[in-house]
1. Count charges around A:Trp70 for me, please; just the other residues with Cβ under 14 Å from its Cβ, Lys/Arg as +1, Asp/Glu as -1.
2. What FRET efficiency comes out for A:Gln189 versus B:Ser118 if R0 is 41 angstrom and r is the Cβ-Cβ distance? Round to the nearest 0.05.
3. What residue among B:His127, B:Phe101, B:Val172 has its Cα farthest toward the positive end of the dipole of the stretch B:99-179, where the charges are +1 on Lys, Arg and -1 on Asp, Glu, each on the Cβ?
4. What's the local net charge at B:Leu82, with K and R +1, D and E -1, over the other residues with C-beta under 14 Å away?
5. For B:Leu100 and B:Ser146, what does the FRET efficiency come to when R0 = 25 Å and r is the distance between their Cβ atoms, rounded to the nearest 0.05?
6. Testing the spin-label approximation: label points 7 Å from Cα along Cα→Cβ at B:Arg52 and A:Asp56. State their distance in nm.
7. Could you tell me the center-to-center distance, by alpha carbons, between the stretch A:152-211 and the stretch A:6-43 in angstrom?
8. Per residue of the protein assembly as shown, what 222 nm ellipticity follows from adding -39500 (n - 2.57) for every DSSP H run with n ≥ 4, rounded to the nearest 500?
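Nothing in this text is a laboratory measurement; each read-out follows from the coordinates by a stated rule. Here the structure is a predicted model, which is why all the values come from computation and not from measurement. A quick note on method: Cβ atoms are made from the backbone with ideal geometry, for glycine too, and the neighbour counts reach across all protein chains shown.
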Amino acid sequence: MTQLQARGVVRAYGPTPALRGVTLDVAEGEIVAVTGPSGCGKSTLLHCLSGILRPDAGEVTWGGHRIDTWSEAARSRLRRTEFGVLFQFGQLVAELTAAENVALPLLLAGTGRREARTAALTWLERFGVIEVADVRPGEMSGGQQQRCATARALVTEPRVLFADEPTGALDTLTGEQVLTQLVRLAREQRTTVVLVTHEPRIAAYADREIVLRDGLVDHTGLGLDVPLAGGAR
Amino acid sequence: MAAVSTPHVLLGLLAGGSRHGYELKRAHDERLPRARPLAFGQVYATLGRLERDGLVAAAGQDRVAGPDRTAYALTDQGRDTLDQWLTTVEPPMPYVASTLFAKVVVALLVADVDRARSYLIAQRAAHAARLRELTAVKADTAATLSDVVAADFAIAHLDADLRWLQTTLGRVADWHREVHP
């Protein structure tokens with residue numbers, strides 16, 4: 001069943017177009033990779049789908065509700081309750097310990113402190129970083145930070161996880177361990193995942209690849225500025 | 001890439017103690033899970049050559065519900081040969097010897113840009129599909145580390161091919177102009 005939909009989504013930054021009419025469907029529980037070369041609009045699309053950005057034109061629907069017309073506050077609430085968002089750099093709060101960071105989305109959603117901490121510890125355990133539960137981000141390795149950030153993105157058991165180059169700052173093995181665990185847990189919980197990456201081997205974890213080129217879905221699946229026959233580039 | 005040296009692999013599998021041909025075949029297929037399975041005929045033919053060269057020797061026979069089975073053991077000379085192989089670094093390939101590359105060159109020589117591009121697009125799709133299959137093998141909770149390490153090796157090579165296919169697609173029109181000025 002279609003859970004997330006974009007219809008003719010357009011978004012520009014000043015005079016520079018980033019998305020020029022993207023249409024796509026993502027089914028519930030599906031893991032989709034959005035790929036394409038630098039500057040093709042991958043991150044902007046993720047921001048529009050997750051309600052961080054509002055498209056200039058077009059529609060974004062989630063579970064049949066058109067969310068692009070919602071207020072900033074309503075979209076923010078949606079991200080806290082139904083969506084999880086994960087970036088290349090974990091964006092952990094420097095002053096908080098790992099457990100406090102992971103518990104934060106639950107506390108914001110009104111969960112009690114003790115319950116939130118218990119859940120945070122469970123998720124840190126699942127990502128193999130329970131030993132840094134009471135450590136602040138500055139004292140953790142990059143891999144530990146990204147594991148904590150991933151645990152934080154999943155602690156609310158979101159319906160959709162949006163991940164933008166989540167392993168981009170990690171070495172191959174660490175990145176793979178984080179991603180394998182993320183995909184495994186997402187499948188167990190039937191969480192839909194929209195994964196932005198420019199790496200073919202990361203995209204291979206997804207059920208399906210959507211390639212963008214110059215702000216549009218590229219149906220040749222190449223994401224390259226391939227010239228037409230005989231045409232000059 | 002150089003072909004797997006079956007004689008050396010068999011010597012390695014005998015390093016831990018004597019084995020029958022059947023046991024060697026099973027150990028080979030288990031330890032090199034993503035390599036081409038060894039045919040029995042190949043095992044016995046290779047053992048014959050290794051014995052002739054003095055690298056292995058027959059180490060007794062037994063019979064379990066069937067014909068006599070000869071166990072083979074590594075000789076001192078065989079152990080030296082194995083040690084030497086293990087300490088020799090494989091030469092990084094100094095030339096491109098892949099069919100993938102040859103086919104694109106030939107397509108460009110005998111046909112037009114579209115033909116070369118169609119081939120690259122189809123090949124990219126096939127590589128991406130295989131990459132996904134191998135990734136699924138690795139992500140399976142039942143995967144052993146042997147499976148993972150073997151899949152890693154294949155994935156790294158496919159990934160390199162994919163990057164090349166992608167870059168070449170971007171260059172193919174200019175390349176064609178260079179080949180057919």
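1. +2
2. About 0.50, to the nearest 0.05.
3. With unit charges placed on the Cβ atoms, the residue in question is B:Val172.
4. With Lys, Arg at +1 and Asp, Glu at -1, the net is -3.
5. Efficiency computed from Cβ-Cβ geometry: 0.35.
6. 7.6 nm
7. 17 Å
8. Value at 222 nm, helices only: -15500 deg cm²/dmol.
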